[in-house]
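Below is one structure, written out as C-alpha cells; comments come after it.
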Amino acid sequence: MRRVTRALERLGFSLAVLALVSPAVLVFLWMLSLSLKNELDNTAWPPVFIPDPPTLDNYRDVFARNDFLLYAWNSVVVSFSATGFALLVGVPAGYGIARMRAMRAAALILIARITPGLSYLIPLFLLFQWLELTGSLLPIVVAHLVITVPIVVWVMISFFEGLPGELEEAALVDGATLWQAFRHVALPLARPGITVATILAFIFSWNNFVFAMVLAGRETRTLPVAVNNMLTFEQIAWGPLSAAALLVTLPVLLLTLVAQKQIVTGLTAGGVKGG
C-alpha cells in the first residue's frame, strides 16, 4: 500500500512539474522553429512547426543588420561591472543588516527592488544628461545597480541571518576585529549565498532592456536592444526576431543550466539555515 501511495505521489509530482514547465519549453521550441524557417513558412496556416529544410538565414540577418558582437561586448561589460559592484556593496550591507536586525532597512531595499525601473529612468536620464555622460556605458552600469544591489542585499540577508553567531563571537573573543570576523568567518560560510546572488544579479542585469534603450548611445547598446532592432515599421520579421531573441537568451540559459545545482543548493541552504 505504501509503495502504491509513493508511486501515486511521484506521478502527481511529475505531472505538476510537467504542467509548470511545458509552457516555457513549448515557447522556446516554437521560437527555435521560427528562427530556422523562412518568412513564408513562419506566416503559413496551418502553422509549420518542423522546418523543411531548416535555414540559418535568419541568424545571418541578425549579424548583418546589427553590430551584434559590439552589443555582446557591451552586455558583458555592463553585466559583469554591475554584478561586481553589487557584490562589493551588497554583501557587507547584507551582513550589517542581518547582524543589526535592521528590518526597516531590509524593507526599504525590498521596496527598491519591486519598484518598476521606469520610476528611476527619468531622474537618472536627466542626471546623466546634466553630467554629459549619456551615450557611454557608465550610465547603464549605474542604472543596473538599481537592479543588482537590492537582489544581492536581499539574498545575503537571509544567509547571514542563518549563520550561527557563536562563531563570530568566538573570533571577537580571540581578538579579531568585526571586519576580520566578517572576512574570515562569515564570508567563507556564505559562499553558497554569494554564488546565488551573483547568478541572479547577472541574469537580471543581462536581460534588462529599458535602461540600455534610453541611456545608451549608438555604440553602447546592449544585446536586448538588438532584438528591438529586428522590429520594422513595415512588418514583423518573425524569423530574425526569434533568432535574435535566442542569441540573447543563450548565455543566460547556459549559465542557468551549468549552475543549477549551485542555485538549488544555495537557496536550499539559506532556507534551511534561516529557519
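Observations on the structure shown:
- Averaging the sequence gap over all C-alpha pairs within less than 8 Å and six or more residues apart, then dividing by the number of residues, gives segment 81-185 a relative contact order of 45 percent.
- Cα-based shape type of segment 69-226, given that a ≥ b ≥ c are square roots of the gyration tensor eigenvalues and the cut on a/c is 1.5: prolate
- The orientation-averaged projected area of the convex hull spanned by the Cα atoms of segment 140-257 comes to 9.7 nm².
- Segment 130-200: relative contact order as a whole-number percent, Cα under 8 Å and 6+ apart: 40
- Restricting the trypsin sites (Lys or Arg not before Pro) of segment 98-200 to loop positions (DSSP other than H, G, I, E, B) with no more than 11 neighbouring Cβ atoms within 10 Å leaves 101.
- Tilt relative to the chain, helix 118-130 - C-alpha long axis, 0 to 90 degrees, to 10: 90
- Just so you know, the Rg over Rh for segment 1-114 is 1.20, from Cα atoms, with Rh as the Kirkwood radius.
- Cα centroid separation - segment 87-110 against segment 119-176, whole Å: 9
- Using heavy atoms of the protein chains and a probe of 1.4 Å, the accessible area assigned to residue 174 is about 130 Å².
- From the Kirkwood radius over Cα pairs of segment 73-154, Stokes-Einstein at 25 °C and 0.890 mPa s returns a whole-number translational diffusion coefficient of 181 µm²/s.
- Shape of segment 10-64, Cα gyration tensor, a/c cut at 1.5: prolate
- Length-normalised contact order of the chain in % [C-alpha pairs under 8 Å, at least 6 apart]: 29
- Carbon + sulfur, % of accessible area of the chain - ligands and nucleic acids excluded, 1.4 Å: 70
- At a probe radius of 1.4 angstrom, the accessible area of the chain per residue rounds to 60 square angstrom.
- Accessible area (Å², 1.4 Å probe, nearest 10) - residue 33: 10
- Each residue was assigned an accessible area with a 1.4 Å probe, and for residue 56 the value is about 100 Å².
- Along its first, second and third principal axes, ordered by size, segment 1-40 spans 56, 12, 10 Å in Cα coordinates.
- Space enclosed by the convex hull of the alpha-carbon atoms of the chain, per residue, Å³: 187
- Spin-label pair residue 11-residue 180: with each label point 7 Å from Cα along the Cα-Cβ axis, the two points sit 6.3 nm from one another.
The values are calculated or read from the model by the stated rules, or taken from the named source; none is laboratory data. Nothing here was measured: the structure is a model prediction, and the numbers come from that model. Positions of Cβ are generated from backbone atoms using ideal geometry, with glycine treated the same way; all protein chains shown enter the neighbour counts. Just so you know, the surface numbers come from the protein's heavy atoms only, side chains and all, with ligands and any DNA or RNA stripped out. Shrake-Rupley method; radii C 1.70, N 1.55, O 1.52, S 1.80 Å.
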